[in-house]
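To keep things clear, I will list the structure first and then write my remarks on it.
The values are calculated or read from the model by the stated rules, or taken from the named source; none is laboratory data. The model shown is predicted, which means the values in this text are computed figures rather than measured ones. Every residue, glycine among them, receives a Cβ derived from its backbone with ideal geometry; neighbour counts consider all protein chains shown.
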């Protein structure tokens, strides 16, 4: 498909069905640090990242500590996190034609625990952690350099507007998945080249026809 050689995935909300767990951890931290909890899922999914922080009274200067605490809370739960229905099969088929990797704000240890528990760790050429809310494009540039690939050979798959922004910033193609953190209309604001509404759509996007369609997904946040 269009000469791609490497597909890079985000993790939480894209591969891993971890948003319900993440919401519980966020609300726990909100109570601890005095932020506002998420009570309206639909409204939260419609907010851009910085708008979400403003609406929930989260100072940007607190984000590094918050992310560290959030990752720590996730550790023990990662082996119990399942992948979205149809994702294991989609990744296995994509792996037959492309190299696949992960670039995520979660920690490498957490991601690998989940992948190992779901029997798919061996499909991924690398797992790279970018432990910050913003600036993911810098880690994407690192991937291009390490893998010795031009921008035209790489596509990024993610569920957040910031994923789409990061890809656009370094001019690589992006595929937005609609079952994660941000709603489809938010993701489309950054003009991703592709859109996937269920894991089997990824196979159509990347030119693999041997798939069994899965049901459309909606976020499991409650």
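Numerical summary
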| read-out | value |
| --- | --- |
| Number of positions in region 28-63 that are part of a loop (DSSP other than H, G, I, E, B) and either modelled with pLDDT of 90 or more or farther than 15 Å from residue 162 by Cβ (or both) | 13 |
| Every residue from region 154-206 that is out of contact with any helix residue (DSSP H, G or I) (no Cβ under 8 Å at 6 or more places or on another chain), part of a loop (DSSP other than H, G, I, E, B) and either without any contact (Cβ under 8 Å) to a residue 12 or more places away in the chain or surrounded by 19 or more Cβ atoms within 10 Å (Cβ to Cβ) (or both) | 179, 198 |
| Test: residue 67 is surrounded by 12 or more Cβ atoms within 10 Å (Cβ to Cβ), over 30 Å from residue 203 (Cβ atoms) and within 16 Å of the chain's Cα centre (by Cα) | yes |
| Inter-residue pairs, beta-carbon under 6 Å, first in contact (Cβ under 8 Å) with a residue 12 or more places away in the chain and in region 119-136, second in a loop (DSSP other than H, G, I, E, B) and surrounded by 15 or more Cβ atoms within 10 Å (Cβ to Cβ), 6+ apart | 129/107; 130/105; 136/130 |
| Of all residues making up region 13-28, the number that are out of contact with any helix residue (DSSP H, G or I) (no Cβ under 6 Å at 6 or more places or on another chain) and in contact (Cβ under 8 Å) with a residue 40 or more places away in the chain | 9 |
